[in-house]
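The structure appears right after this line, and notes come after that.
The values are calculated or read from the model by the stated rules, or taken from the named source; none is laboratory data. Every value quoted in this text rests on a predicted model; they were computed, and no experiment measured them. Backbone-built Cβ (ideal geometry, glycine too); neighbour counts: all protein chains shown. The protein model used for the area step is the full one, side chains on, heavy atoms only, and it has no ligands, DNA or RNA in it. Shrake-Rupley method; radii C 1.70, N 1.55, O 1.52, S 1.80 Å.
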Amino acid sequence: MIDKRTRIKIAIQKSGRLTDHSLDLLERCGLKYTRGRDQLIGYGENMPVDLLFVRDDDIPGLVRDDVCDLGIAGLNVIEEKRLEFVTEGISDPYIEVCRLDYGHCRLAFGYPETGSIQAIRSLEGSTIATSYPFILRDFLKQQNIAADVIEFSGAVEIAPSLGRADVICDLVSTGTTMAANKIREGETILESECILLKTPVAISPEKTEWVDRLLQRIEGVMQVRESKYIMMHAPKVALPDITALLPGAESPTVLPLEGFADKVAIHVVCRENIFWETLEALKDVGASSILVLPVEKMLA
Ligand code: ATP
Ligand code: ZN
């Protein structure tokens, strides 16, 4: 039994596209866990955090019902469930804490190559198959389009060849599934990525400290993904040019160089990736011995 008062429960996808990324994120936050025999729960060993492995579609509901304090799911699923909750009169089912920059995909229209409908403006009176009826109906309403929406729980791309729909509205990342079914990808109605969700219910004081700590660590993990630590030698006078060249740099640490009165060592953290072009430009303004190192952890 998990003590709900003191241990944080996080819902993540049991097995699918988001699972490895979500576990990797939590492991980078320092979480070590053992998985129960039924594989449904991961028991945190070094933090009061337990993982609940479930279908991604169930995650928003578990957070909304306060069964879990936090959850990680795609915006597509989160937004679909949110609109469904709204129809039940529940307006703010959960708090969207932050975007996690993985699980990128888009919900887009797909037009059969041989069909007469090839754009949103021709959708009036058509039949559209989708796994996201709430998002699609909401979009059609905003655009003032009257169309029939039929729900497919999977394999939406075969609906046109079965004669069930004129058009589809489905998730795409590379576009190969649509192409293989002779469907042309059209307009995007939702750009999606993974989101961290939090329960709308106040979290007990026992848990708040660890929730805050975890959120801060997640922020740190997100920041270091792109960050680099750069070291170089340079003439003192080149300092303004060098700072101007470094993207997202904080103010640099400048150290004297033994035996060189006019040269310094510069150390700086950049919050963006550093490309070869930047290194060449640094060299052009006088920098030498340039080293670029990955940042493993960061705490603001
Ligand atoms: P579950 O058994 O958990 O319900 P699923 O079949 O719904 O699994 P996956 O195919 O693993 O789910 O996709 C999970 C999430 O991954 C999607 O909801 C979406 O947010 C994201 N995703 C990223 N790229 C794609 C893609 N090309 N197709 C579908 N989902 C994608
Ligand atoms: Zn699913």
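Annotations
- Volume per residue for the range 46-201 equals 123 cubic angstrom (convex hull of Cα atoms).
- Of K207/K228; K81/K207; K14/K182, those spanning more than 28 Å from alpha-carbon to alpha-carbon: K207/K228; K14/K182
- Sequence of S227, S15, S131 when ordered by accessible area, the most exposed leading, probe 1.4 angstrom: S15, S131, S227
- If a spin label sat at a point 7 angstrom from the Cα of V86 along the line to its beta carbon, the backbone N atoms of the range 167-200 nearer than 17 Å would be those of 189-192.
- Counting every alpha-carbon pair across the range 228-294, the share separated by more than 16 Å comes to 37%.
- For the chain, the alpha carbon positions stretch 80, 54, 34 Å along the principal axes, listed from largest to smallest.
- Residue-count net charge about K263 - beta-carbon cut-off 15 Å; Lys, Arg +1, Asp, Glu -1: -1
- The chain: calculated mean residue ellipticity at 222 nm from DSSP helix runs of at least 4, using -39500 (n - 2.57): -8000 deg cm²/dmol
- In the context of the full protein assembly, H21 retains an accessible surface of approximately 90 Å², using a probe radius of 1.4 Å and ignoring ligands and nucleic acids.
- Among the protein heavy atoms of the chain, carbon and sulfur supply 50% of the accessible surface, probe 1.4 Å, non-protein parts ignored.
- Quotient of Cα Rg and 2.2 N^0.38 Å for the range 169-300, N being how many residues it contains: 1.60
- Note on L293 and K236: with the Förster distance fixed at 25 Å, the Cβ-Cβ geometry gives a FRET efficiency of about 0.60.
- Anchor K236: aspartates and glutamates whose Cα lies under 13 Å away (excluding residues fewer than 8 positions away in-chain): D262
- Loop-resident sites, the range 251-295, for GluC sites (Glu not before Pro), counting at most 12 other Cβ within 10 Å (DSSP): E258
- Gaussian network model of the chain, springs between alpha carbon atoms under 10 Å - residue of A108, A244, A146 with greatest fluctuation: A244
- Low-density loop positions, GluC sites (Glu not before Pro), the range 109-184 - DSSP coil, at most 16 other Cβ in 10 Å: E113, E124
- Among the GluC sites (Glu not before Pro) in the range 44-84, those located in a DSSP loop and surrounded by at most 15 other Cβ atoms within 10 Å of their own Cβ are E45.
- In the elastic network of the chain, a GNM with C-alpha springs shorter than 10 Å, the most mobile of Y102, Y229, Y43 is Y229.
- Of every Cα-Cα pair in the range 107-192, the percent that sits beyond 20 Å: 20
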